Amino acid sequence: MTHLMAHMIPYFPDYPTSLEAARALIDAGVSFLEIQFPFSDPTADGPTIEAACTTALAQGFSVDRGFEFVKALAGRGPEIVIMTYASLVISRGVDRFCRDAAAAGASGVIVPDLPVDSDEGLWNAAEKAGLTVIPVIVPTTSEERLQKIAGVNPRYIYCALRTGITGTRTELGAENLAFLDRAGRTGAKILAGFGIQSPEQVRTLKGHVHGAIVGSALVRVISQAASPEACYESLLGVAQELVRA
Amino acid sequence: MSDPDRIVQSFFGDFGGRYVAEVLRAPLDELEVEFITAMQDQEFLRLYRNLLRDFVGRPTPLLYAENTSREIGGADIYIKLEGLAATGAHKINNALGQGLLAKRMGKGRVIAETGAGQHGVATAAVCAKLGIPCRVYMGEVDVRRQRPNVFSMELYGAEVVPVKTGSKTLKDAVNEALRDWASSFQDTHYLLGSALGPSPFPDMVREFQSVIGRELIEQTQERGIVPDAMVACVGGGSNAIGFFAPLLERREIRMIGVEAGGRGSATGDHAVRMEGGGRLGIVQGYKSMFLLDSDGQVQDTHSVSAGLDYPGIGPQLAYLGASGRVEFTRASDQEALDALRVFARNEGVIFALESAHAGAQVLKTAKELGPGKTVIVNMSGRGDKDIFITAKELTPQTWKDFMQREVQEIEAKEKQS
Ligand SMILES: Cc1ncc(COP(=O)(O)O)c(C=O)c1O
């Protein structure tokens with residue numbers, strides 16, 4: 001079975017709708033919730049997620065409120081992973097960020113701009129707090145670099161299916177699948193994302209990954225909902241299809 | 001980790017580094033190797049030097065500000081007229097160096113960010129000269145307030161892309177360029193315009209801008225001038241680090257960096273990152289002092305000069321500030337405008353608004369140092385580009401009348417055709 005990691009942003013488009021979105025994803029049976037703590041300058045994200053982060057900040061998101069949001073969802077099924085950028089982690093203090101994340105019920109963190117060897121102590125702090133750090137790699141990541149990342153024994157590796165930023169659709173072919181298999185040989189469980197929008201794409205990944213990550217596609221569904229209730233309904237349908245793929 | 005003898009230091013004390021998503025690791029690693037190799041290649045250096053002379057118009061003059069010095073009755077003030085370089089600012093020293101590097105690396109496309117537009121104009125001109133297609137990202141707000149620069153960039157054949165995300169200014173243009181580069185690096189060079197960003201950019205930009213300080217050493221020696229202090233404005237820090245770096249060893253010279261004091265000290269009214277205004281953070285790939293809220297979100301900035309309203313400061317200057325080698329001060333919007341007038345009337349030189357911040361400080365420093373001493377200010381740019389801002393501030397009514405007549409003329413012409 002291919003697990004689903006669903007990405008979402010608290011306080012987008014507003015607090016009540018984002019809570020309903022989370023409830024829909026949980027009810028749909030996703031295995032992981034990737035909760036992005038919005039940063040003002042998300043350089044690895046494309047227009048959909050960038051705009052959603054801007055809205056969430058205007059709606060009053062703060063890091064404290066982000067942890068409250070996680071706390072409200074913890075223990076209801078999916079593993080919760082917090083994705084954010086270095087600035088938010090450093091400003092709170094790496095140790096304190098990890099402790100607070102663990103206390104809120106998260107099991108892991110993804111911080112793309114704190115990569116292995118420039119991690120500011122994130123790996124140590126996370127280990128102490130009982131969190132796992134999920135490194136992100138791309139198809140152009142060299143073998144040498146991959147071995148270095150494998151050297152920190154990550155439980156999961158997040159494989160971006162192409163270079164670039166989040167958002168646009170990715171064509172899956174022999175090349176990306178070979179990349180996933182190469183990453184899999186490190187022994188880590190592979191989560192793959194960037195441009196995954198359809199159940200058909202999730203099926204293509206089957207056998208090559210532990211989980212498929214869907215981000216911008218869900219954010220777009222959330223952004224189109226007219227009300228929190230409508231958001232729950234539409235997102236539940238889309239997420240169920242992806243989970244069943 | 002830092003070794004001052006290496007051309008690529010990456011870290012300056014605790015500041016700097018390469019904090020980027022894995023996708024940008026390989027292109028930055030490649031860039032570091034290519035840059036180091038190029039800087040040891042005599043042919044590359046010869047080409048760079050020749051174009052600095054023939055295309056940029058170097059060396060730029062060192063002018064004795066005799067009337068102002070006399071009026072103040074303090075130290076002798078000299079102005080490094082960096083703004084006389086082609087395209088009107090120091091930015092072209094770096095744009096040319098990196099443009100040649102892009103060519104050497106076989107990159108068929110260049111992207112750049114710009115705030116005030118000076119770096120965009122310099123990059124567009126260099127790309128025209130070297131025959132490389134060029135795209136410039138520019139915040140929508142800056143596109144609006146810096147129309148003359150957009151016009152020049154397009155005239156040079158560059159494509160100017162307005163950035164509509166975030167605060168729609170310089171930092172957002174950097175974000176957009178980084179996003180482009182994350183998928184285009186195989187055939188594209190990102191020509192970053194200030195001494196900031198992930199390593200090796202701060203080192204590379206310092207090396208290409210150091211021509212300013214090296215010329216200054218020659219010019220002062222030739223003329224028997226012994227500087228006691230040097231003053232430069234600091235946006236990201238490229239003109240300041242290029243001006244200071246070759247003279248850092250001369251401990252007897254005071255070095256002063258001037259930030260944008262804007263219209264006050266409230267959040268969003270200035271761009272003072274040093275002097276207690278900023279916090280240590282990691283943004284846009286490097287660790288330095290940034291204007292951040294307690295969560296680490298980047299705050300809004302303001303300056304009358306578009307080139308100084310960036311929320312971060314280059315890592316080497318942050319380090320030099322922390323270690324006390326470079327002193328930091330601020331000049332307000334009003335002080336910059338006042339200084340602009342002083343140097344225009346007294347010396348026949350119109351400073352760029354960015355540089356006028358250094359101009360405001362040099363008037364204070366000259367008085368403080370007293371007679372018999374010497375202070376040198378870097379006029380990083382000339383003020384032609386700012387006419388739509390300075391004229392509006394200094395002579396609002398006359399300017400308004402002029403603009404209205406211009407509009408009427410264009411409309412009359414439209415009616416005829
Ligand atoms: C004339 C001039 N001076 C200074 C700056 C600020 O940049 P930096 O601090 O990198 O020199 C700019 C930036 O646009 C500029 O145009």
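The values are calculated or read from the model by the stated rules, or taken from the named source; none is laboratory data. None of these values were measured; they are calculated from a predicted model. Here the Cβ positions follow ideal geometry from the backbone for every residue, glycine too, while neighbour counts run over all protein chains shown.
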Failed item in (1) more than 12 Å from chain B (Cβ to nearest Cβ); (2) surrounded by fewer than 22 Cβ atoms within 10 Å (Cβ to Cβ), with A:Leu146 passing the rest: (1)
Elements of type strands (runs of 3 or more DSSP E) in the stretch B:220-329, at least 3 residues being away from the ligand (no atom under 13 Å from the Cβ) and within 14 Å of chain A (Cβ to nearest Cβ): B:279-283, B:286-290
Test: residue in the stretch B:142-163 that is of a type in the set (Val, Ile, Thr) and in contact with a Ser or Thr (Cβ under 7 Å, 6 or more places away or on another chain): no
Residue check, B:Val143 free of Cβ contacts under 8 Å to residues at least 24 places away in the same chain, assigned to a helix (DSSP H, G or I), crowded, with 18+ Cβ neighbours inside 10 Å and away from chain A (no Cβ under 14 Å): yes
Any chance B:Pro198 is within 15 Å of the ligand (Cβ to nearest atom), closer than 19 Å to B:Tyr19 by Cα, touching a residue at least 40 places away in the same chain (Cβ under 8 Å) and buried (at least 22 other Cβ atoms within 10 Å of the Cβ): no
Any hit, the stretch B:83-106, residues being out of contact with any Cys (no Cβ under 8 Å at 6 or more places or on another chain) and in a strand (DSSP E or B): yes
Some residue of the stretch B:339-348 being buried (at least 24 other Cβ atoms within 10 Å of the Cβ) and either under 18 Å from B:Ala240 (Cα atoms) or within 14 Å of another protein chain (Cβ to nearest Cβ) (or both): no
Meets criteria (within 18 Å of B:Glu71 (Cα to Cα), in the same structural domain as B:Arg254 (by the TED database), in contact (Cβ under 8 Å) with a residue 40 or more places away in the chain and away from the ligand (no atom under 13 Å from the Cβ)) for B:Ala344: no
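I want to confirm something. Restricting to the stretch A:54-76 and keeping residues that are farther than 19 Å from A:Gly93 by Cβ and not hydrophobic (A, V, I, L, M, F, W, C), which single residue is nearest to the other protein chains (Cβ to nearest Cβ)?
The selected residue is A:Thr54.
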The stretch A:98-113: number of residues that are aliphatic (A, V, I, L, M), buried (at least 24 other Cβ atoms within 10 Å of the Cβ) and farther than 22 Å from A:Phe179 by Cα: 3
Pair list, Cβ < 7 Å and 6+ apart or interchain, from the stretch B:99-111 residues that are within 18 Å of B:Leu178 (Cβ to Cβ) and in the same structural domain as B:Leu130 (by the TED database) to residues that are aliphatic (A, V, I, L, M) and assigned to a strand (DSSP E or B): B:Ala102/B:Val110
Residues of the stretch B:183-195 classified as within 14 Å of another protein chain (Cβ to nearest Cβ), buried (at least 23 other Cβ atoms within 10 Å of the Cβ) and away from the ligand (no atom under 13 Å from the Cβ), total: 1
Test result for B:Gln361, more than 16 Å from the ligand (Cβ to nearest atom) and either within 14 Å of another protein chain (Cβ to nearest Cβ) or out of contact with any helix residue (DSSP H, G or I) (no Cβ under 6 Å at 6 or more places or on another chain) (or both): no
Residue match in the stretch B:101-113 (condition: within 14 Å of another protein chain (Cβ to nearest Cβ), within 16 Å of the ligand (Cβ to nearest atom) and surrounded by 24 or more Cβ atoms within 10 Å (Cβ to Cβ)): yes
